[in-house]
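In what follows, a single structure is set out as structure tokens and then discussed.
The values are calculated or read from the model by the stated rules, or taken from the named source; none is laboratory data. Everything quoted here is computed from the prediction, not taken from an experiment. Because the Cβ atoms are built from the backbone with ideal geometry, glycine has one as well, and the counts that use them run over all protein chains shown. With ligands, DNA and RNA removed, areas are computed over all heavy atoms of the protein, side chains included. Shrake-Rupley method; radii C 1.70, N 1.55, O 1.52, S 1.80 Å.
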Number of protein chains: 2
Amino acid sequence: MKPRSYACGLDAAIDVIGGRWKALILWALHHGPMRTGELRRSVSGISEKMLIQVLREMEADEIVHREVFHEVPPRVEYSLTSLGVRLNEALLPLGDWGEENMRAIARRRGVEPAPRH
Amino acid sequence: MKPRSYACGLDAAIDVIGGRWKALILWALHHGPMRTGELRRSVSGISEKMLIQVLREMEADEIVHREVFHEVPPRVEYSLTSLGVRLNEALLPLGDWGEENMRAIARRRGVEPAPRH
DNA sequence: CAGGATCCTTACCAAAAGGTGAGTACCTGA
DNA sequence: TCAGGTACTCACCTTTTGGTAAGGATCCTG
């Protein structure tokens, strides 16, 4: 449901990172450039279709850079743009908050908490 | 689409603040406790039904405190819990990021940028 | 009585997000 | 030919989120 007008910066940012998979993909790319298959294996539970769909959206939002290498088998590499890097930095406090309150959040929603790391 | 298991803190946090209205409501409550009608007027575009629905979810997540005053006309006040206050703090950098990149985000999505403030 | 204030719930529907399965392309090796 | 590798697209469907409209409750005032 697209707002006609953003109310504030946070409203816009949530639009960019919202959905089930984007934050996880952003985080996976934090470690460095990755290929489609690597991302697929790294982000548990995502289908190839959803992965590619979401990566295309993130590319359109200019937080992810997609680089095609003309070789066989096909090789496409995704990496964070500088905008994406700054976004990831801005997400750190939120990730910390989630980590601190993981067990309570998970319990209330009937979800397994994340393994510790 | 509820994940079976959270992958990390950020995954859990996004689950708590995701959707069209939660971030805006969180922000509105940042200024202090508010009644239903005040919130309705403050969050542009939200219907009464959605407002109440989302407030109930946030209450269940324990980021919002709902206090019923037994008077007429009915008076119900919503305020941030300490958990909610910490969440709002964690959202500040993300809001800043969104503010800095507002025009580009809005342009790409065909949305009006937020008025400056 | 009607209308006002406040807050909330229900029925039903629309829109968006996400998912499965099948197919496509390139190539190599058995 | 088949199987394997890589990355991607389309058709169709399911699930989730959000929306409209109508109704309900309390009391007070004209």
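Tabulated values for the structure
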quantity	calculated
Some residue of the stretch A:87-105 being within 11 Å of another protein chain (Cβ to nearest Cβ), within 16 Å of DNA strand D (Cβ to nearest atom) and without any contact (Cβ under 8 Å) to a residue 24 or more places away in the chain	yes
Residue within the stretch B:2-16 that is open to solvent by less than 70 Å² (accessible area, probe 1.4 Å) and either in contact (Cβ under 8 Å) with a residue 40 or more places away in the chain or away from every other protein chain (no Cβ under 13 Å) (or both) present	yes
Inter-residue pairs, beta-carbon under 8 Å, first more than 13 Å from chain A (Cβ to nearest Cβ) and part of a strand (DSSP E or B) and in the stretch B:27-51, second open to solvent by 30 Å² or more (accessible area, probe 1.4 Å) and more than 8 Å from DNA strand C (Cβ to nearest atom), 6+ apart	B:34/B:42
Failed item, numbered, when residue B:20 is tested on (1) more than 12 Å from the chain's Cα centre (by Cα); (2) within 10 Å of DNA strand C (Cβ to nearest atom); (3) outside any helix (DSSP H, G or I)	(1)
Residues located in the stretch A:1-38, provided they are hydrophobic (A, V, I, L, M, F, W, C), over 18 Å from residue B:19 (Cα atoms) and within 14 Å of DNA strand D (Cβ to nearest atom)	A:25, A:28, A:29, A:34
Residue count for the stretch A:95-112, restricted to those that are buried (at least 16 other Cβ atoms within 10 Å of the Cβ) and not in a helix (DSSP H, G or I)	2
Residue list for the stretch A:59-86, filter: among the polar types (S, T, N, Q) and either within 23 Å of residue B:106 (Cβ to Cβ) or open to solvent by 60 Å² or more (accessible area, probe 1.4 Å) (or both)	A:81, A:82
Residue selected from the stretch B:53-79 under the condition within 14 Å of another protein chain (Cβ to nearest Cβ) and in contact with a strand residue (DSSP E or B) (Cβ under 6 Å, 6 or more places away or on another chain), by the criterion nearest to DNA strand C (Cβ to nearest atom)	B:59
Evaluation of residue B:84 against (1) in a helix (DSSP H, G or I); (2) more than 7 Å from chain A (Cβ to nearest Cβ); (3) over 21 Å from residue B:51 (Cα atoms) (one fails), failing number	(3)
